[in-house]
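Take a look at the structure set out below.
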Amino acid sequence: MDKNMQAENIHKNVDEITINDFATKNNKDVLELKKHVLSSGSVVPLLHFRKLNELSMIEHCFTTRLGGISTGMFDSLNLSFTRGDDEEKVLENYKRVAEAIGAEAGQIVTTDQTHTTNVLRVGKKQCGIGVTRKRPYTDVDGLITNEPNVVLATFYADCVPLYFVDPVHRAIGLRQRQMCIRDRGLAIRAGEVL
């Protein structure tokens with residue numbers, strides 16, 4: 001998708017967005033757009049990998065810029081506490097995403113991505129870190145867990161998201177793939193830790 005199309009999509013409202021606004025791979029729809037209606041009546045559109053939807057052990061999503069309450073340059077589903085947005089609005093945005101996937105904001109654990117090969121194993125003790133609790137670590141580009149009800153959250157701009165799912169050990173992992181030589185090491189490391 002070209003940058004003009006991306007910029008145009010940012011300004012659409014929830015009712016106007018369709019799956020056609022997103023790229024396909026080899027002319028196949030690898031993503032599914034679901035418009036999640038929250039208990040408040042608000043709608044949060046989330047993207048889901050069709051293949052991951054086939055696994056009953058996980059719920060996953062990619063957010064769009066729509067469905068939140070942030071305004072101005074953060075309009076609308078901003079999930080960054082570090083860019084100058086009102087923290088209460090960012091927290092509400094996390095609550096909306098969490099509700100849409102059947103979780104709570106306090107179950108989310110976030111990374112502090114700085115393009116390293118660091119992968120952190122997290123569990124219920126770490127729930128809320130980066131959202132409802134201060135992050136006690138830096139330089140973490142990947143998260144893994146084998147505990148249920150732990151929501152992993154990573155952030156992407158021009159990097160490729162990598163999802164790791166181990167159905168045998170009931171473990172999952174997320175990390176970003178940077179376009180550089182150390183990619184292979186981190187992908188292997190995350191897979192080894194799983």
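For segment 31-125, the Cβ-based charge dipole about the Cα centre amounts to some 340 debye (Lys, Arg positive; Asp, Glu negative; other atoms uncharged). A simple rule links phi to the HN-Hα coupling: the Karplus curve 6.51 cos²θ - 1.76 cosθ + 1.60 with θ = phi - 60°, which for segment 92-98 gives 4, 4, 4, 4, 5, 5, 4 Hz, with x for Gly and Pro. What the phi angles of segment 73-89 give under the Karplus curve with 6.51, -1.76 and 1.60, with θ = phi - 60°, is a coupling list of 5, 9, 4, 10, 9, 6, 10, 10, 7, 9, 10, x, 6, 4, 4, 5, 5 Hz, glycine and proline written as x. Close amide H partners of residue 151, meaning residues 5 or more places away or on another chain with modelled amide H under 5 Å apart, are 108, 109. Distance from the Cα centroid of segment 86-104 to that of segment 147-177 is 19 Å (rounded to whole angstrom). In order along segment 55-62, phi translates into HN-Hα couplings of 8, 6, 7, 9, 10, 9, 6, 10 Hz, rounded to whole numbers, per the Karplus curve 6.51 cos²θ - 1.76 cosθ + 1.60 with θ = phi - 60° and x for Gly and Pro.
Taken along its three principal axes, the alpha carbon spread of segment 32-98 comes to 38, 26, 17 Å, from the longest extent down to the shortest. A 1.4 Å probe run over the protein chains yields, for segment 62-105, 50 Å² of accessible area per residue, whole-number rounding. Largest to smallest in accessible area, the residues 52, 120 fall in the order 120, 52 (1.4 Å probe, all protein chains included).
Each Lys or Arg adds one and each Asp or Glu subtracts one; over the other residues with Cβ under 11 Å from the Cβ of residue 43, this totals +2.
The values are calculated or read from the model by the stated rules, or taken from the named source; none is laboratory data. This is a predicted model, so every value here is computed, not measured. Note that we place each Cβ from the backbone using ideal geometry, even for glycine, and neighbour counts take in every protein chain shown. Ligands, DNA and RNA are stripped out before the accessible areas are found, and what is left, the full protein with its side chains, is counted by its heavy atoms. Shrake-Rupley method; radii C 1.70, N 1.55, O 1.52, S 1.80 Å.
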